[in-house]
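Colleague: Below you will find the structure I want to go over with you.
The values are calculated or read from the model by the stated rules, or taken from the named source; none is laboratory data. Please read these numbers as outputs of a predicted model, since none were measured by experiment. No Cβ is skipped: glycine too gets one built from the backbone with ideal geometry, and neighbour counts run over all protein chains shown. Ligands, DNA and RNA are stripped out before the accessible areas are found, and what is left, the full protein with its side chains, is counted by its heavy atoms. Shrake-Rupley method; radii C 1.70, N 1.55, O 1.52, S 1.80 Å.
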Amino acid sequence: MRSVTILGSTGSIGRSTVDLLLRNPDRFRVEALTGNANVSLLAEQARLLRPKMVAVADEKSHKPLVEAMAGTGILVASGAAALVEAAERPADWVMASIVGAAGLEPTLAAIRRGCVVGLANKETLVCAGDLVMGEVARCGTTLLPVDSEHSAIFQVFDFDQIDKVEKIILTASGGPFRGRDRAAMASVTPAEAVAHPNWSMGAKISVDSATMMNKGLELIEAHHLFRLPEDRIDILVHPQSVIHSMVAHVDGSVLAQLGSPDMRTPIAFALGWPTRMPAPAPRLDLAAIGSLTFEAPDPVRFPALRLAREALQRGGAAPTILNAANEVAVQRFLSSEIGFLEIADVVERTLDVMPARTIDTLEDVLDVDAMARRVAAGQKPANRPAR
Ligand code: NAD
Ligand code: MG
């Protein structure tokens with residue numbers, strides 16, 4: 001029996017992970033579950049999975065969670081330190097599926113135990129990639145990518161012959177505004193931006209997919225996971241989301257991994273690793289799909305791709321700034337404070353005004369992250385017509 005902790009069990013990835021655990025009660029037992037403020041869902045998951053501990057980030061949710069767990073014997077805790085405590089509990093396998101840099105410290109705590117970590121929380125690698133990968137190596141941790149593109153690459157990647165890999169090719173759906181001109185993108189609403197054509201996901205990553213910042217974050221994630229320089233990572237728009245990514249080799253051979261767009265497949269790959277386990281995702285019916293299409297991404301309509309590539313080239317604090325500014329800009333867009341096109345503007349202006357510096361420690365990451373959030377929050381929206 002494998003013991004499992006889910007950091008962020010109430011989110012989209014967390015719920016899919018819970019679904020797989022409930023379908024396989026003989027293979028897994030649960031050590032800890034964490035959420036932010038969705039007490040009723042966390043309590044429901046806890047009643048079904050019987051973890052030893054549940055924790056919420058939001059302190060105000062402490063009392064309602066204690067009440068919901070009364071009589072179960074399950075330990076209840078709250079606050080940022082409680083999430084780290086949950087990650088430190090002795091689970092064999094940890095799903096890191098908190099959204100944003102809020103996941104960094106709990107994910108690092110799990111990594112430092114040298115267990116197996118399934119990583120969905122890409123922002124952790126974007127904001128602190130060198131630090132995180134250094135700890136993975138130092139602690140002998142197995143880090144398994146859960147992001148569908150990185151899971152695809154991992155499944156076909158030959159880690160013994162990295163020098164024979166010419167390129168990796170990350171596929172991108174192009175998001176809901178793939179065919180829209182820039183003028184029309186100016187007036188899209190948060191509801192339109194979170195409605196992804198292929199994948200059902202949390203709000204933040206859905207907006208990131210619409211701006212294509214998601215692919216920019218994934219470029220940085222891939223650089224750290226597969227130790228390839230930025231110029232050997234390509235991005236290809238593939239609207240059907242069937243080919244999840246590809247690896248091209250020096251002999252011209254290209255290997256790809258395919259599947260339906262259902263996160264339970266890459267989650268099951270990581271959860272069962274090193275053996276495969278069944279997942280209930282719809283089976284791929286290529287005859288019904290008929291054709292797969294591809295196109296180059298448009299750097300003019302999707303400037304976030306350029307910003308991420310430049311941040312990776314620049315290195316140091318730039319990816320940390322990019323990530324923090326993007327988190328703030330997405331939240332400002334979701335609360336209708338800025339327009340859709342201004343998300344990338346806020347990120348670019350924050351990158352422009354923040355000083356270049358190196359990142360050596362966790363404190364450096366947290367300092368830069370906090371400063372970039374303040375700068376991004378203060379960026380005035382451009383003059384735009386009232387809607
Ligand atoms: P979500 O918004 O649905 O869930 C986020 C989870 O994090 C929830 O459990 C929430 O309670 C918790 N959380 C939010 N803010 C928190 C905070 N401040 N402190 C502690 N916990 C907090 O997000 P999601 O779509 O499940 O995505 C989670 C991560 O996985 C993201 O990094 C995302 O980029 C990545 N990812 C998601 C998908 C997907 O299909 N949803 C695919 C690939 C990668
Ligand atoms: Mg992805």
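Colleague: Work out from phi, with θ = phi - 60° and the Karplus expression 6.51 cos²θ - 1.76 cosθ + 1.60, the ³J(HN,Hα) of each residue of the range 345-355, listed in order in whole Hz, and give x for Gly and Pro.
Modeller: Coupling constants for the range 345-355: 4, 4, 5, 5, 5, 5, 4, 5, 8, 7, x Hz.
Colleague: Still on this structure, please answer the following. What distance in nm lies between label points placed 7 Å from Cα along the C-beta direction at Arg138 and Thr189?
Modeller: 4.9 nm
Colleague: Apply the Karplus curve 6.51 cos²θ - 1.76 cosθ + 1.60, θ = phi - 60°, to the phi angles in the range 263-279 and return the couplings in whole Hz, x for Gly and Pro.
Modeller: Result, ordered by residue: 5, 5, 5, x, 5, 5, 4, 6, 5, x, 3, x, 10, 7, 10, x, 9 Hz.
Colleague: Over the chain, give the accessible area per residue in Å² for a 1.4 Å probe, as an integer.
Modeller: Value for the chain: 41 Å² per residue.
Colleague: Rounded to a whole number, what % of the accessible area of the range 2-146 do carbon and sulfur atoms account for, probe 1.4 Å?
Modeller: The computed percentage sits at 51.
Colleague: While we're looking at this one, here's another question. To the nearest Å, what is the center-to-center distance of the range 303-326 and the range 1-66, using C-alpha atoms only?
Modeller: If you average the Cα positions of each part, the centres end up 33 Å apart.
Colleague: Tell me, in nm to one decimal, what length is gained between Ser335 and Asp163 on full extension, where the rule is 0.36 nm per residue of separation less the Cα-Cα distance?
Modeller: Extending this stretch completely gives an extra 57.3 nm.
Colleague: Would you pull out the residues with amide H under 5 Å of Gln257's amide H, same chain only if 5 or more places away, H placed 1.01 Å from N?
Modeller: Here the answer is His244, Ser245, since their amide H atoms fall under 5 Å of that of Gln257.
Colleague: May I ask you to order 368-381, 337-350, 271-284 by the average number of other C-beta atoms within 10 Å around their residues, highest value first?
Modeller: With the highest mean Cβ count within 10 Å placed first, the list reads 337-350, 368-381, 271-284.
Colleague: Kindly provide the chymotrypsin sites (Phe, Trp or Tyr not before Pro) of the range 242-334 that DSSP labels as loop, not H, G, I, E or B, and whose Cβ sees at most 14 other Cβ atoms within 10 Å.
Modeller: On the way: sites: Phe269, Phe294, Phe333; in loops: Phe294.
Of the chymotrypsin sites (Phe, Trp or Tyr not before Pro), the ones in loops of the range 242-334 whose Cβ has at most 14 other Cβ atoms within 10 Å are Phe294.
Colleague: Under 14 Å from the Cα of Lys60, which aspartates and glutamates turn up, not counting those fewer than eight places away in the same chain?
Modeller: none
Colleague: Say the cut-off is 22 Å between C-alpha atoms; which of Lys122/Lys215; Lys167/Lys215; Lys63/Lys122; Lys122/Lys164 go over it?
Modeller: Over 22 Å Cα-Cα: Lys63/Lys122; Lys122/Lys164.
Colleague: Report the gain in length on full extension from Ala80 to Leu236: 0.36 nm times residue separation, minus Cα-Cα distance, nm rounded to one decimal.
Modeller: The Ala80-Leu236 span can extend by a further 52.4 nm.
Colleague: Here's another thing I want to ask about it. Pull up the DSSP beta bridges for the chain and report the antiparallel fraction as a percent, rounded to 5.
Modeller: Taking every DSSP beta bridge within the chain, about 25 percent pair in antiparallel fashion.
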